[in-house]
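Before any comments, here is the structure.
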Amino acid sequence: MSVNEKALVADRSIGSVASKLFKFVLVGGACTALQYVLLIALVQGLGWRAAPASMLGYLASSIVSYVLNRSFTFESAADHRRSLPRFFAISLIGLGLNGAITYVGAEVLGVHYLIAQAAATGVTLLWNFLANLRWTF
């Protein structure tokens, strides 16, 4: 096994993944707070519908998320030309999940938009972590 292969195995150990997940949740908490502030401001303050407001908040928080996850969570030295497009491809899928779950919850099922958003947050957190761990960083 080469040095690079040993480093990859060590990087994927349970302890390493748990540490990264903890950091990802911390970063995600800050980014989620940003998303929710924008969501509430747009819905309550400007009268937007929940799904578009949520999606705009998600996009804004994704920019912050990339910077913090690259440097803090994954401590990546990967070239931005490689990691940035991958991160945003994953974020676009997450954006679709987020919008769909928020729309179905708030518009179709009639639950409060913040409850629908909480469900969307849980799904996208898991998707984003696993996809970025395996592919981006």
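The values are calculated or read from the model by the stated rules, or taken from the named source; none is laboratory data. Keep in mind the model is a prediction, meaning the values are calculated, not measured. Here Cβ is always computed from backbone atoms with ideal geometry, including for glycine, and neighbour counts include all displayed protein chains.
Per the conditions (1) surrounded by fewer than 20 Cβ atoms within 10 Å (Cβ to Cβ); (2) in contact (Cβ under 8 Å) with a residue 40 or more places away in the chain; (3) touching a Leu at 6+ places or on another chain (Cβ under 8 Å), the sole criterion not satisfied by residue 49 is (3). Mind checking whether some residue in the range 48-59 is closer than 30 Å to residue 16 by Cβ and touching a helix residue (DSSP H, G or I) at 6+ places or on another chain (Cβ under 8 Å)? Yes: one or more hits.
Residues of the range 70-92 that are surrounded by 14 or more Cβ atoms within 10 Å (Cβ to Cβ), in a helix (DSSP H, G or I) and not aromatic (Phe, Trp, Tyr): 70, 73, 83, 84, 86, 90, 91. Considering the conditions (1) modelled with pLDDT of 95 or more; (2) over 19 Å from residue 133 (Cβ atoms); (3) assigned to a helix (DSSP H, G or I), residue 63 is excluded by exactly one of them, (1). Residues of the range 97-113 that are surrounded by fewer than 16 Cβ atoms within 10 Å (Cβ to Cβ) and under 19 Å from the mean Cα position of the chain (by Cα): 100 alone.
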